[in-house]
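The values are calculated or read from the model by the stated rules, or taken from the named source; none is laboratory data. Because the structure is predicted, anything quoted here is derived from the model rather than measured. Positions of Cβ are generated from backbone atoms using ideal geometry, with glycine treated the same way; all protein chains shown enter the neighbour counts.
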Amino acid sequence: MTSEKAGSASPVTEIDVSDTVRLRQRVSRAAKSLKVIGLLSAVTLLFDLYGYLEFLPALLCAMLLPGSANLVAQRLRSGSVRAAAAAAVWGLLWLGFVSFDAFPKAFKNGLDTYSFLGSLIFCVPLLFLALGLVAVIRHRSAMVAAGEADLRAHPWEEGLRVKVRPRFVNVNLGAVLFVLLSPLPLLFLWLSQIAQETKLFSDSARLAGYILGTWSIIFGSIYWGVRIYRRARRKALLPGSALAKKDPRPVVLYLRSFNDDSALRMWARTTNGRILPERLVRASFEEVVTDHLWGYGPVRAIGDPRARDKTAPLGAARDYTIDSDWQNQVVGLMRQACMIVAVAAESDGLAWEIDAVVKHGFLPKFVLLLPPVDSQEREARLCFLANRMAGLDFPFRLALERLRSVIFPEGRVTLICGGKRNDWTYEACLDQAALAILDVSRNRPAISPSPIVPSGQLLRELALNALTFARSSLAFLTIGTFMFFAMAVNQIRMENSHPYVHSGEERDEFVAETIKRCKKTNSELSEDVLGNYCGCYATRIADVLTYAELEARLDFKPGIMAGVRDLEVSLKEKTKMASDACYSEAFER
């Protein structure tokens, strides 16, 4: 929404990006849900085809589905009508499978915890996919005429930016070493669990505590693995001067107070080069902003001289200068920059930098961001800058509660407002600012691609689609292989784990229950013989019974590496051997 407001020397334009943020969130959830549905469809197809084909041909056929789903999801986030139609058809097919095949089989033996969780996994992606498609339909039906500098004309999350920040800007030995070290905490935990005997608990409170403690350790291991991985990314950063040689695009200059480098942090989703496990770590506000700005140019900043000898944090590429030269270098970067983005703060150095922006006539490419702080601190930061800078006049009090950034295209004050202070809103504000400052609208893909495309662009698009398809298919293969390997290792562990071999409450209960059943089955024996025989039999079975045999005995569930029949045969052999030995021993006594 765009509106005009008075109250200052020049009219003020206010742009609200809340609708764009809402649309992006719903379409993004729909795209992710489609990827989940594609993965579930692949698993279902794999098991169905395995009955008719060999495993390898069935796996190759199933790999087509995740790649196709990822490709359609990517096009959906760019606003493609064809992708929306394909996603709707896929969702309807999955709904039919769930309604007429999966649910009847799941509920055949009654609703339990597993069938309930499985139903949620099947249904929740359908819900988010439907909400996203409805949002696309509503946007297209209510699309308003907007200028090229208005985000309403092309609100899609993908399509405005022309380049995504690489996870590793410069691959070097230190970065590779930390990447190799990152999975070690989780790998060490997994290996330590394999080496331990499987534990059984008769007390529900102890079982709940064991599960809670186990998952806490798992999340802790993943967290430290992510910290090591992010250290690897920091090792791969380049100084600003070196980055300019590697990326020839005009730079984006990032200005801020040094005190905000580590003070401003927020939760951010996995985009712009961040991977899924990184959601466990709060990112700096600078990282969220600069990762998104990378799509418009390499982001450079002046580094804090106090941190010159330390590893640079994730965010802008830093250059360090001596105190007497930093102002000249900042002005030089301002001249080179296609955009100048500053984070409002109570800082004399930042006030001088913004004052230099005004004096040198760089206001048309200047963006002032309000960080995610409370209203009182936000107002204090703005008042400080307004009082210290000559010639900069903007009526920020008109929309202070929802104000997220201010731009000055053609000398006209434009307030960019949004609802929540999250990464979605700030990214939309940066896109809106780039639309007003840069000519990026020409780089966005068409909402409905034309069948007539220049040959060079067509080949490039086909190559990117093929790469997206291949990456998703290989990811499905890698994840499937790892899961099969982990389940196989776990099955081997279960077949070699003896849960009742060690003394304790669980062993005593198992022995007592086995003695009780033994006495009922062999009631024809005398009391003395029966007591000796059942006690010996229960003790021997407790020593040799494995967890896999116990599971097969109780639930008759097939294992990954061995069927129920094999486990039953093994259990019968152990039972017969224990029975014969104890029978002879009981009568000898």
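Values computed for the structure shown
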quantity: Selection count, the stretch 50-59, where residues are loosely packed, with under 15 Cβ neighbours inside 10 Å and aliphatic (A, V, I, L, M); calculated: 2
quantity: Entirely in the stretch 138-239, the helices (runs of 4 or more DSSP H) that have 3 or more residues that are under 21 Å from the mean Cα position of the chain (by Cα) and modelled with pLDDT of 85 or more; calculated: 173-181, 204-235
quantity: Selection count where residues are crowded, with 21+ Cβ neighbours inside 10 Å and at pLDDT below 90, scope the stretch 243-260; calculated: 0
quantity: Residue within the stretch 228-238 that is more than 16 Å from Leu181 (Cβ to Cβ) and either among the polar types (S, T, N, Q) or surrounded by 15 or more Cβ atoms within 10 Å (Cβ to Cβ) (or both) present; calculated: yes
quantity: Single residue of Ser68, Ser80 found to be crowded, with 22+ Cβ neighbours inside 10 Å, out of contact with any Ser or Thr (no Cβ under 6 Å at 6 or more places or on another chain) and modelled with pLDDT under 90; calculated: Ser80
quantity: Per-region count, the stretch 292-329, residues touching a residue at least 60 places away in the same chain (Cβ under 8 Å) and buried (at least 18 other Cβ atoms within 10 Å of the Cβ); calculated: 15
quantity: Considering residues of the stretch 512-530 that are modelled with pLDDT under 80 and among the small types (Gly, Ala, Ser) only, the residue surrounded by the most Cβ atoms within 10 Å (Cβ to Cβ); calculated: Ser526
quantity: Residue check, Glu509 modelled with pLDDT under 75 and surrounded by fewer than 17 Cβ atoms within 10 Å (Cβ to Cβ); calculated: no
quantity: Which numbered condition Phe219 fails, given (1) surrounded by fewer than 16 Cβ atoms within 10 Å (Cβ to Cβ); (2) in contact with a Pro (Cβ under 9 Å, 6 or more places away or on another chain); (3) in contact (Cβ under 8 Å) with a residue 40 or more places away in the chain; calculated: (2)
quantity: Residue among Glu346, Glu286 that alone is touching a helix residue (DSSP H, G or I) at 6+ places or on another chain (Cβ under 6 Å) and charged (D, E, K, R); calculated: Glu346
quantity: One residue from Gln491, Gln457 being assigned to a helix (DSSP H, G or I), loosely packed, with under 12 Cβ neighbours inside 10 Å and at pLDDT below 75; calculated: Gln457
quantity: Residue identified as at pLDDT below 85 and either more than 27 Å from Ala69 (Cα to Cα) or crowded, with 18+ Cβ neighbours inside 10 Å (or both) among Ala399, Ala434, Ala470, Ala463; calculated: Ala399
quantity: Strands (runs of 3 or more DSSP E) (entirely within the stretch 261-346) containing at least 1 residues that are of a type in the set (Val, Ile, Thr) and within 31 Å of the chain's Cα centre (by Cα); calculated: 299-302, 339-343
quantity: Residue in the stretch 104-129 that is modelled with the lowest pLDDT, counting only those that are under 27 Å from Arg77 (Cα atoms) and surrounded by 17 or more Cβ atoms within 10 Å (Cβ to Cβ); calculated: Phe122
quantity: Lone unmet requirement of (1) closer than 23 Å to Phe178 by Cβ; (2) of a type in the set (A, V, I, L, M); (3) out of contact with any Leu (no Cβ under 8 Å at 6 or more places or on another chain) for Met266; calculated: (1)
quantity: Residue ID - modelled with the lowest pLDDT, chosen from residues in the stretch 410-429 that are in a helix (DSSP H, G or I) and more than 23 Å from Arg140 (Cα to Cα); calculated: Gly411
quantity: Check on Arg249, part of a helix (DSSP H, G or I) and among the basic types (Lys, Arg); calculated: no
quantity: Identity of the residue in the stretch 330-343, among the small types (Gly, Ala, Ser) and surrounded by 15 or more Cβ atoms within 10 Å (Cβ to Cβ), that ends up nearest to Leu253 (Cα to Cα); calculated: Ala337
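Residues are listed down the side, and each one gets a yes or a no for (1) in a loop (DSSP other than H, G, I, E, B); (2) within 25 Å of Leu477 (Cβ to Cβ); (3) modelled with pLDDT of 90 or more:
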site	(1), (2), (3)
Val21	no, no, yes
Ile37	no, yes, yes
Leu46	no, yes, no
Gly51	yes, yes, no
Ala58	no, yes, no
Arg75	no, yes, no
Ala86	no, yes, yes
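Per-residue answers, yes or no, for (1) within 21 Å of the chain's Cα centre (by Cα); (2) hydroxyl-bearing (Ser, Thr, Tyr); (3) over 12 Å from Leu34 (Cβ atoms):
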residue: Gly51; (1), (2), (3): no, no, yes
residue: Pro57; (1), (2), (3): no, no, yes
residue: Leu64; (1), (2), (3): no, no, yes
residue: Asn70; (1), (2), (3): yes, no, no
residue: Leu76; (1), (2), (3): yes, no, no
residue: Gly79; (1), (2), (3): no, no, yes
residue: Arg82; (1), (2), (3): no, no, yes
residue: Ala87; (1), (2), (3): no, no, no
residue: Trp90; (1), (2), (3): no, no, no
